[in-house]
Amino acid sequence: MKIVRWNPRYNTMNLFNEFERWNTPTPASLPLDVIENEDGYVVEASVPGINPDDVEISFEDDVLTIKGEIKETAESEGVNYQIRERRFGEFGRSIRFPVNINVENVEATYTNGILTLIVPKAEEVKPKRIAIKAN
């Protein structure tokens with residue numbers, strides 16, 4: 001088996017493989033969807049019941065990080081649970097984008113438990129349409 005050093009700047013790996021490589025879910029990970037379009041990406045994360053002020057979003061070196069904490073309710077102390085499936089504690093997820101991102105124009109909204117980020121590609125990586133001049 002040959003081991004090859006991986007470099008994200010020079011690899012032809014597609015976006016799906018890139019996300020999978022960096023984002024194998026763990027128990028405290030944040031499930032999300034990433035959609036690519038011509039202008040950039042849409043990232044949707046399910047964070048129901050969380051106050052948006054308790055979620056931190058950062059972007060550094062083409063890596064988007066979303067993290068926060070789901071706090072356990074005080075009235076759950078001393079309660080004898082028969083089933084307890086809801087998670088409490090810290091969660092987070094980081095994804096590396098394979099192209100440069102226009103960080104200044106990233107937008108985040110929160111509606112009905114869904115955190116949506118609009119992540120625009122930098123102008124230099126967007127496809128450019130070339131007009132044909134007819135003579």
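The values are calculated or read from the model by the stated rules, or taken from the named source; none is laboratory data. Not measured: the values here are computed from a predicted model. No Cβ is skipped: glycine too gets one built from the backbone with ideal geometry, and neighbour counts run over all protein chains shown.
Brief remarks on what is shown
- Candidates Ile83, Ile130, filtered to the one that is of a type in the set (Val, Ile, Thr), free of Cβ contacts under 8 Å to residues at least 60 places away in the same chain and more than 25 Å from Ser46 (Cβ to Cβ): Ile130
- Per-region count, the range 102-112, residues without any contact (Cβ under 8 Å) to a residue 60 or more places away in the chain and part of a strand (DSSP E or B): 4
- Qualifying residue in the range 8-30 (condition: exposed (fewer than 11 other Cβ atoms within 10 Å of the Cβ) and at pLDDT 80 or above): no
- Screening Asn135 on (1) in a loop (DSSP other than H, G, I, E, B); (2) of a type outside the set (Asp, Glu); (3) surrounded by 10 or more Cβ atoms within 10 Å (Cβ to Cβ) shows it passes everything except condition (3).
- Subset of the range 88-132 that is surrounded by 11 or more Cβ atoms within 10 Å (Cβ to Cβ) and more than 18 Å from the chain's Cα centre (by Cα) - its residue that is farthest from Val63 (Cα to Cα): Phe88
- Note on the range 47-67: residues that are modelled with pLDDT of 90 or more and either polar (S, T, N, Q) or surrounded by 15 or more Cβ atoms within 10 Å (Cβ to Cβ) (or both) total 8.
- Screening Leu115 with (1) part of a loop (DSSP other than H, G, I, E, B); (2) under 15 Å from Leu30 (Cβ atoms) gives one miss only, at (1).
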